[in-house]
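Heads up: the structure comes next, in structure tokens.
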Amino acid sequence: MRDLGDTTAYLRRGMREILCLALFFFTFLACEYFFDARMAEFVPSSEVVIYESIVVGASVIGFFVRPFLYYRRPQTIDATSDITGVLLVSALLLMIMAVRFEVVIAGGLAACCALGYCGSTAHANLARRFAQTPCLARAVAVSYAAGILVQVLNHMVMPAGIPQQSVLIACAIALVGLLHGARRAKLRDEPAPEFEVGIAELSVDALERGARWHDDPEAKATFQGAVVRLTVATACLTGVFAALNAGLTTSHAAGAIDLGDWPRLLLVVSALAAGVLYDLRGRSYMNIIMTCAAMLSTLSFFVLITDGNGGNTLAATIIFYLGSGFFVVFFTTKFAAISVYAHWSYLWPCMGRVINNVCAMFVTAPAVAIVSSQNVLLAVGAGLVLFVGIAISLLGQFGHRTDDIAALNELAFAADDLDDGSVSTQSEPAPAEASELTLDERLDAFAAAFELTQRERDILEALVASHESVQDIAATLFLSRSTLYRHIASINKKTGASSRLALINFFWSWSPKD
């Protein structure tokens, strides 16, 4: 019940960030869907998905422009944001009123560039709010599910044509307005909404933490390795889902299947399920869960290729949408989580979307060619290559182990950490003075009293604020287990604690008056 209450408080505190990201998801997907519908009026169905990938790829410009201005030209952000809002609404109106093929393309390119700019801000704001909380994946899932649900309701409730287009424009305006309001609130240092003090202390804004971790060569190398693996995994996953999307979008444009309403409800279900599953045990199971979803999606692509009469298109559609929900929550959560350790932390939360859009732009045309040719051998070969890349990048790291024997010989007192891999929540007493100090204040006072270094203070924070295993904490901090144990040994020596459990108990029972 405590975990449920904490999650509710986290989500309630970040409601504005969740709403902004949800509006981005809806506006982006609705714009993409509307662009497909308009393009189908001018080009053959097999070409619609190719033009879609090009237009969606243009959003990368906006995704990069916003972080660049944030770090290099902050004085221009307000004016640029206002121009972007006007450009977005104007581009959507242009697509609605266009009677020529070239005008639809121009409107789509401008709209996606503007949406990339807005999406970069929405992703960064959510990462700053949730990246260091235990419910990051659930926050992403709620945002994505809400955006998809609005799109489904718009199609089911609103009449086609002007009413649906009006909803799209209204949500675009609301997105720009909320992002503008969030920036104004940040500049005014607007206080957070009132809620329980105990819960407020648990929620952490990411801020700029990257520099301190990049001072450590080992942490920097580990961070770079994690980024490379994640980038490869996202690119390979994009290849699988872009190939499936190419086949299904072609069928949709040809009128063989309707992708407008009911299949998208599967996205809502899969996204929410992904959020819950990914957050289990401090997001320890994300890689294996995503690998399983990728395997099913790869198999469904094979089914789509080998199905000559279209009888299995429904099965491929169901698997595609269920897997897509897991994929979007996966790359959004992963890049948001690592953003707090990067120098340009504002850039990284949207990098999953950037990689997805860029790779889809290059994969879509070959995928359409494979689907159109029904070349089973080529499809199987490409699918297996992509899946092997996914498995190696996501699961390969499980084969790497630190020299645990040396670590245990050097730090025998930490053996209690290896018994069950975690610390029970019951081991943390609730001192009477806990409500008088926030977690940050207690950490600062404790570090000053026992002369802890900044790195030791950060590691102590991870130990007392997390119920993850030592291995998971080391991975989160981009350290090896032996390095983490050495830091714990130093902290224990300074504080007189005999183990990690004793250190945590001592921290919560300690008073600045001691």
**Item:** Options Ala9, Ala37, Val99, ranked by Cα towards positive dipole end of the stretch 1-114, top entry (Cβ charges)
**Value:** Ala9
**Asked** If the convex hull of the alpha-carbon atoms of the stretch 67-109 is projected onto planes in all directions, what is the mean projected area in square nanometres?
**Response** 3.3 nm²
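Per residue and in cubic angstrom, what volume does the convex hull of the Cα atoms of the stretch 323-391 have? If you can, show how the numbers build up before the last one.
Working: hull volume 7.0 nm³, N = 69.
Normalising the Cα hull of the stretch 323-391 by residue number yields 101 Å³.
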**Request:** Give the shape of the stretch 1-80 as rounded, prolate or oblate, defined through the alpha-carbon gyration tensor: a ≥ b ≥ c are the square roots of its eigenvalues, a/c under 1.5 means rounded, and otherwise the shape is prolate if a/b is larger than b/c and oblate if not.
**Result:** oblate
**Asked** In whole Hz, what ³J(HN,Hα) sequence does the stretch 501-510 give by Karplus (6.51, -1.76, 1.60; θ = phi - 60°), x for Gly and Pro?
**Response** 4, 5, 5, 5, 4, 5, 4, 6, 8, 6
**Cα-based equivalent ellipsoid, the stretch 450-514: semi-axes from gyration tensor eigenvalues, Å** = 20, 12, 11
**Message:** From the mean inverse distance of alpha carbon pairs (Kirkwood) and the Cα radius of gyration, derive Rg over Rh for the stretch 319-363.
**Reply:** 1.05
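Which of rounded, prolate or oblate describes the stretch 70-145 when judged by the alpha-carbon gyration tensor and an a/c cut-off of 1.5?
Details: a/c = 3.79, a/b = 1.66, b/c = 2.29.
In terms of gyration-tensor shape, oblate.
Name the shape class, rounded, prolate or oblate, that the alpha-carbon gyration tensor gives for the stretch 143-183, where a ≥ b ≥ c are the square roots of its eigenvalues, rounded holds for a/c under 1.5, and otherwise prolate holds if a/b is larger than b/c and oblate otherwise. Provide the component values of the computation, followed by the final result.
Working: a/c = 4.83, a/b = 1.59, b/c = 3.04.
Judged from the Cα gyration tensor, the stretch 143-183 comes out oblate (a/c at least 1.5, b/c at or above a/b).
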**Asked** Could the peptides 47-60, 222-235 be put in order, highest first, of the mean number of other beta-carbon atoms found within 10 Å of their residues?
**Response** 47-60, 222-235
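Read the figures in this text as sums done on the coordinates, not as results from a lab. None of the values given here were measured: they were computed from a predicted structure. We place every Cβ from the backbone using ideal geometry, glycine too, and count neighbours over all the protein chains shown.
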